[in-house]
Amino acid sequence: MSDVLVFAEHLQGNLTDSTFELLGKGRELAQTTGGHLIAALLGKGVEPLTEQMGVAHKVVMVEHQQLAAFNPEAYAIALKAVVQSLNPSIILIPYTSMGMDLASALSADLGIPLAAYVSEVKIEDGTLMTVSQMYGGKVNVESEFSGNPKIVSVLAGAFPAEAGKVEGTPVIETMEAPNALANLRVTFKQWIEPEGGDVDITQQDVLVSIGRGIQSQENIPMVEELARKLGGALSASRPIIDNKWLPKSRQVGKSGLKVKPRLYLALGISGAPEHIEGMKDAELIIAVNSDPNAPIFEYAHYGVVGDLFDLLPILKEKLGG
Amino acid sequence: MHIIVPLRQVPDLVEDLEIDASGKDLDREWLKYKMNEFDDHALEEALLLKEEVGGAVTAVALDGGEVDKLLFTAAAKGADRLVKVRGDFPTPLNSHAMARALAGAIQGLDYDLILTGVQAVDELDGQVGVLLAHYLGIPHVSVVTDVQVHDGKAVVHKEYAGGVMGEFDVILPAVLGIQAARQTPRYAPVSRVRMAMRKSTIEEVSAEASAEGAPDIRKLFKPEKGAGAQMLEGSPEAVAEKIIHILKEKGIVQ
């Protein structure tokens, strides 16, 4: 078969941006393969979501109580059943929290190849080619696949979501839920909403954002002062949050927040793909990093290679009171 | 509670990465390795759980690179048992091969829980933890930030975009892909690592691993340079001036 299957990711009742990004790319790939674009929609009471999936030729829907909220085990079982029934050529899964549980599970379960961290997908002379952003975005890996099906796990923000946002309801086919859903080892209990932070970083005009280069928690107040002088707030990349140096509400990027300030001043942030997806649309990005090869410089408008601890005191002084 | 923590070495990204003559792998001759940072969080979470409910932590790593140092570092932090997996592994080692080798080695061990780092910077073909769970036939949850264990099950928090979390009950044994431990991973001073080298022993087991499941690598290449940032050069003083000039031009500062 030559169909392209997209896992339609939805979180708390809404299709995610990644879903539209993959639907748009999937449609383009299906045109090349001469197959159909099919979306796999798993859930409970999710039929209204199909109204936003006009770009797909068909939506295959599996509904079950155990699919009401994402569950790594239940979703892997249901998605596997969809794949086995449709035998698509290409399976597109977002490289997100959900996608990480599904793509590798499907690959191991069905014995089919998988490329992750993907930022580019093309079909060249009938061969599927992917580019993965590896090593924190420092080296790209171009891969090819033989045989069907294959799984491509795509970084959020790799493709425009607009191409996938087409209203209109495609053909809906309901598939019976697999019996295995009655006997699960993983059970969803409840949603836990993030604690409201003191500051909403998505609403700030100016963000001064820190990464691993800040070196220690003791250096944070100095940067906070700079943020204050610029009339903005402090945000951070994942390692800072994982080390509990700043609250979760300050995290930019995958599993954090997407921000679009007028100024994003990135201090000691190397720019792994997971971070870039959260800040690349900022109006003005200035990056300071000691590593001239840091990927952040590919996305920044202005870059400074140097020691941020030399620059910061002077910058603060010049900004005055 | 017996917890297994597979540890992997990844290239230290602080160093320059070069591509080898074949164009299909990194030049590994002078490559500096370090512990995958997420594995460090997995080990920390395992040690915290051991402190809470008792039991033992076993660190497992595949042979190669500085594997002994990696395992002794785990011992210095509090791991009770060290296991090195030997075998004829493909190079470069991909996630599928690593997961198969780990599954082979772990099958012979007693365990209630396996904690892995949620991901690594070199996982072209998917997450080792999820693959491992499938090869062992046990459930998995990825992107976990909180784990509590009681009555043969784990209660875990899985994180999604925007910080919203799902709480799950997971019947053990299971594999959990740890995003972040509840506290900053503890540090092992060199003196303690040295002591661990004298006092701990590394057990060896052998396992087989095929690389099947990964795409075929055509080539590695560095992201294109040039389209990126305009670089501001000069003394810190001069650079600060330039930055303030830009901010004034954009009306961000007065």
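The values are calculated or read from the model by the stated rules, or taken from the named source; none is laboratory data. Being a predicted model, the structure only gives us computed values, none of them experimental. Cβ sites come from the backbone with ideal geometry, for glycine too, and all protein chains shown count toward neighbours. Surface accessibility is based on the protein's heavy atoms, side chains included, excluding ligands, DNA and RNA. Shrake-Rupley method; radii C 1.70, N 1.55, O 1.52, S 1.80 Å.
Based on DSSP H segments of at least four residues, each scored -39500 (n - 2.57), chain A has a per-residue ellipticity at 222 nm of -8000 deg cm²/dmol. Taking all C-alpha pairs of segment A:4-182, those more than 27 Å from each other amount to 18 percent.
Rounded to the nearest 100, the interface formed by chains B and A buries 7400 square angstrom of accessible surface, both chains summed, with a 1.4 Å probe.
Rolling a 1.4 Å probe across the protein heavy atoms gives segment A:201-320 an accessible surface of 36 Å² per residue. Work out the FRET efficiency for B:GLU212 and A:THR127 from their Cβ-Cβ distance, taking R0 = 25 Å, and round it to the nearest 0.05. FRET efficiency, B:GLU212 to A:THR127: 0.85. Please work out the C-alpha center-to-center distance from segment B:177-234 to segment A:197-253 and express it in whole Å. Centre-to-centre distance over Cα atoms comes out at 25 Å. Averaged over the residues of peptide A:305-311, the number of Cβ atoms from other protein chains lying within 10 Å of each residue's Cβ is 4. Among A:GLY271, A:GLY256, A:GLY147, which one shows the biggest mean-square fluctuation in a GNM of chain A, springs joining Cα atoms closer than 10 Å? Its mean-square fluctuation being the largest, the pick is A:GLY147. In units of the compact-protein estimate 2.2 N^0.38 Å, the protein assembly as shown shows a Cα radius of gyration of 0.95.
Under 13 Å Cα to Cα from B:LYS50, which aspartates and glutamates show up? Leave out anything in the same chain fewer than 8 places away. Within reach: B:ASP80, B:ASP112.
Taking K and R as +1 and D and E as -1, what net charge do the other residues with C-beta under 15 Å from the C-beta of A:LEU23 add up to? Could you put the intermediate results ahead of the total?
Numbers: positive: A:LYS25, A:ARG27, A:LYS58, A:LYS165; negative: A:ASP3, A:GLU9, A:ASP17, A:GLU21, A:GLU28, A:GLU51, A:GLU162, A:GLU167.
My count for the surroundings of A:LEU23 gives -4.
Sites listed here are GluC sites (Glu not before Pro) in segment B:20-96 whose DSSP assignment is loop and whose Cβ has at most 11 other Cβ atoms within 10 Å: B:GLU29. Averaged per residue, segment A:8-84 has 33 square angstrom of accessible surface, using a 1.4 angstrom probe with ligands and nucleic acids left out.
Listed by number, the DSSP H helices of chain B that run 15 Å or longer by alpha-carbon position along their axis and have mean Kyte hydropathy of at least -0.5 are B:37-53, B:67-77, B:95-106, B:236-249.
Roll a 1.4 Å probe over the protein chains and send me the accessible area per residue for chain B in Å². Display every interim value, and only then the final one.
Values: 10770 Å² over 254 residues.
Per-residue accessible area for chain B comes out at 42 Å².
Helix A:72-86 and the longest principal axis of the Cα set of chain A meet at an angle near 50°. What a 1.4 Å probe finds exposed on segment B:2-206 is 49% carbon and sulfur by accessible area, rounded to a whole percent.
Taking each of A:LYS258/B:LYS219; A:LYS165/A:LYS189; A:LYS25/A:LYS150; A:LYS254/A:LYS316 in turn, the alpha-carbon distance tops 20 angstrom for A:LYS258/B:LYS219; A:LYS165/A:LYS189; A:LYS254/A:LYS316. In this simple spin-label approximation, A:LYS189 and A:GLU224 carry label points 7 Å from Cα along the Cα→Cβ vector, and these lie 3.2 nm apart.
On the basis of the beta-carbon distance and an R0 of 41 Å, B:VAL164 and B:ARG198 show a calculated FRET efficiency of 0.30.
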